[in-house]
């Protein structure tokens with residue numbers, strides 16, 4: 001057997017084995033006691049925008065696409081989008097933030113949305129529905145500015 005064939009077989013075996021090593025899923029069907037809407041008024045339009053464009057990475061409940069079941073793609077999604085996103089901002093825990101931190105996060109929401117930093121391009125590439133329209137961006141930033 002040629003060296004190239006051995007390498008390809010080894011890679012195939014590794015790809016098959018890693019399919020069984022999966023990250024813990026970020027799934028919670030319950031609104032917890034620290035959900036942002038428990039402390040702050042979130043208009044229906046803004047709530048809809050948050051769920052459509054933000055919650056997959058910035059809440060305790062992610063709607064996973066089919067390709068998240070394929071490793072190493074699933075790892076990349078979990079660690080670079082979800083875990084990192086929740087570390088920076090988690091709408092499921094927002095009401096538990098100290099007031100100073102919450103106000104700073106509202107400012108960051110405004111900055112990120114106005115500068116086009118959120119939602120991430122690597123997310124909207126596969127989730128076209130998450131791209132914010134100018135009207136959605138304005139509604140989101142107006143809301144966040146009113147609370148900072």
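The values are calculated or read from the model by the stated rules, or taken from the named source; none is laboratory data. Predicted model only: the values in this text are computed from it and were never measured. When we count neighbours, we look across all protein chains shown, and the Cβ atoms used for this are built from the backbone with ideal geometry, even at glycine.
Would you check which residues across region 14-51 are part of a loop (DSSP other than H, G, I, E, B) and surrounded by fewer than 10 Cβ atoms within 10 Å (Cβ to Cβ) and list them?
Filtering region 14-51 down to residues part of a loop (DSSP other than H, G, I, E, B) leaves 19-35, 39-43.
Listed by number, the residues that qualify are 20, 24, 29, 30.
Do you know which residues across region 131-144 are assigned to a helix (DSSP H, G or I) and under 15 Å from residue 118 (Cβ atoms)? Walk me through how you get there before you give the answer.
Initial filter on region 131-144 (assigned to a helix (DSSP H, G or I)): 134-144.
Passing the criteria: 134, 136, 137, 138, 139, 140, 141, 143, 144.
Residues to consider are 26, 34, 83, 63; find the one that is within 18 Å of the chain's Cα centre (by Cα) and farther than 27 Å from residue 139 by Cα.
None of the other options fit; the residue is 26.
If I go through region 95-109 residue by residue, how many of them are closer than 16 Å to residue 140 by Cα and either surrounded by fewer than 16 Cβ atoms within 10 Å (Cβ to Cβ) or under 17 Å from the mean Cα position of the chain (by Cα) (or both)? Explain how you work it out, then say what you get.
Here is the first cut: in region 95-109, the ones closer than 16 Å to residue 140 by Cα are 102-109.
Now narrow it down to the ones that are either surrounded by fewer than 16 Cβ atoms within 10 Å (Cβ to Cβ) or under 17 Å from the mean Cα position of the chain (by Cα) (or both): 103-109.
Here the count works out to 7.
Please verify whether residue 4 is surrounded by 12 or more Cβ atoms within 10 Å (Cβ to Cβ), modelled with pLDDT under 90 and part of a helix (DSSP H, G or I), treating the condition exactly as stated.
So residue 4 does not fit the description; no.
Filtering region 54-82 down to residues that are touching a helix residue (DSSP H, G or I) at 6+ places or on another chain (Cβ under 7 Å) and either within 19 Å of residue 30 (Cα to Cα) or not in a helix (DSSP H, G or I) (or both), which residue is modelled with the highest pLDDT? Break it down into steps so the answer makes sense when it comes.
Kept after step one, since they are touching a helix residue (DSSP H, G or I) at 6+ places or on another chain (Cβ under 7 Å), are these residues of region 54-82: 57-58, 61-63, 67-68, 71-74, 77, 81-82.
Imposing the further condition that a residue be either within 19 Å of residue 30 (Cα to Cα) or not in a helix (DSSP H, G or I) (or both) reduces the set to 57-58, 61-63, 71-72, 82.
Details: 57: 93, 58: 96, 61: 92, 62: 91, 63: 89, 71: 92, 72: 92, 82: 93.
Top of the filtered list is 58.
Suppose we filter region 114-130 for residues that are in a loop (DSSP other than H, G, I, E, B) and over 22 Å from residue 36 (Cβ atoms); how many remain?
3
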